[in-house]
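This report concerns only the one structure given below.
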Ligand SMILES: [Zn+2]
């Protein structure tokens, strides 16, 4: 086997070991504190709730371990064994280069999807159900899968076709155009997604007139915020987890509350959650996130450009030099390296969360935010005692005890 192939396999395996090590640390930290509720939560969280949260975290960690091993084996098998027969099968039926490359990627993606489907089913109908979160029926689940697949084909096939055509027409500068194109699509999606795609999966109802809506509008005014609407999403048809989010920019901004959040929180708590979301907007976190993705995409396209031009990657895995295979080798090999970047991107994200909490505090005070966070963490069975190293790699939000300490500070 060639050196580059060995290096890629080594990176995939090392990254799996790192993930397994982090999962083990997290499980150990949760188990070590399972017996006592942390002092700061002695008044608000019962021992029974604390232990349920520990059991939920441990159950998810066990699935994560099996999933990591399975995904690692699959990545190695795709590169070492499976890509070849899939490509040969497609090549036997389709001769034209562009269509053949696109069909190869689509077939590999479809097979990968089927191979990971059992995990999705297990997590939804066994794990989430055991802890009382799942509300999806097999019919809703199946329909979701079909809609997502149709959507991915409708968007993915033209994009892949365009990518391979661009590569053929402009072999030296294709990647700059592809990057610019992808960025344009990503930014357009911020407007297209809430208006056209999200409604395919959920119902969005404008928030009813009433005292709640009036206080929300008063808060928006206080924050100098204009939006295209306040919506309630029927999240309860799939899961009991509560949340709120904010999408779009410019005139297309909208604020979405999960019905599961509205059900369980007081008006003041809901206002504090909204103020937090507005904080993200005020501090330009949406733009910051786009900037991070743009940088990551630029590096990925530069690597792809090198890989297409050099042509050494397919040979390293004894594969034909087809752009579809180069694309899939690069995307598989890049995984371990992006997981090494996770501490940086998650650090930026956690910093943004602290800033948004600070903004909420300045608008509505610390108390409602603290009680909203306590309720959310209790209802979502989030552990109060995560491992610090696991947090560094995996937490996009700071652990709730840290957020509450920051709000009190
Ligand atoms: Zn946030």
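Nothing in this text is a laboratory measurement; each read-out follows from the coordinates by a stated rule. Predicted model, so just to flag it, every value in this text is computed and none were measured. As a convention, Cβ positions derive from the backbone with ideal geometry for all residues, glycine included, and neighbour counts pool all protein chains shown.
222 nm [θ] for the chain, helices only, -39500 (n - 2.57) per DSSP H run of 4+, per residue, to 500?
-24000 deg cm²/dmol, from helical runs alone.
Roughly how tilted is helix 138-169, in degrees to the nearest 10 and between 0 and 90, from the longest Cα axis of the chain?
Tilt of helix 138-169: around 50 degrees.
Please order 383, 266 by the number of other Cβ within 10 Å, starting at the fewest.
Fewest-to-most ranking of 383, 266: 266, 383.
Within a 10 angstrom radius of the beta carbon, how do 48, 128, 292 rank from fewest other beta carbons to most?
Values: 48 9, 128 21, 292 15.
Exposure proxy ranking, most exposed first: 48, 292, 128.
Can you give me the angle between helix 174-192 and the longest principal axis of the chain, using Cα atoms only, in degrees from 0 to 90, rounded to the nearest 10?
In the chain, helix 174-192 runs at an angle near 30 degrees to the longest axis.
Tell me, how many Å apart are the Cα centres for segment 217-291 and for segment 87-114?
41 Å
Between the helical axis of 267-282 and the dominant principal axis of the chain, each derived from Cα atoms, what acute angle in degrees is found, rounded to the nearest 10?
So the helix axis and the longest Cα principal axis differ by about 40 degrees.
Relative contact order for the chain: what is it in percent, counting Cα pairs under 8 Å that are at least 6 residues apart? If you can, show how the numbers build up before the last one.
Working: 406 pairs, mean separation 95.0, N = 409.
Value for the chain: 23 percent.
Quick one: 362, 215, fewest Cβ neighbours within 10 Å first, how do they rank?
362, 215
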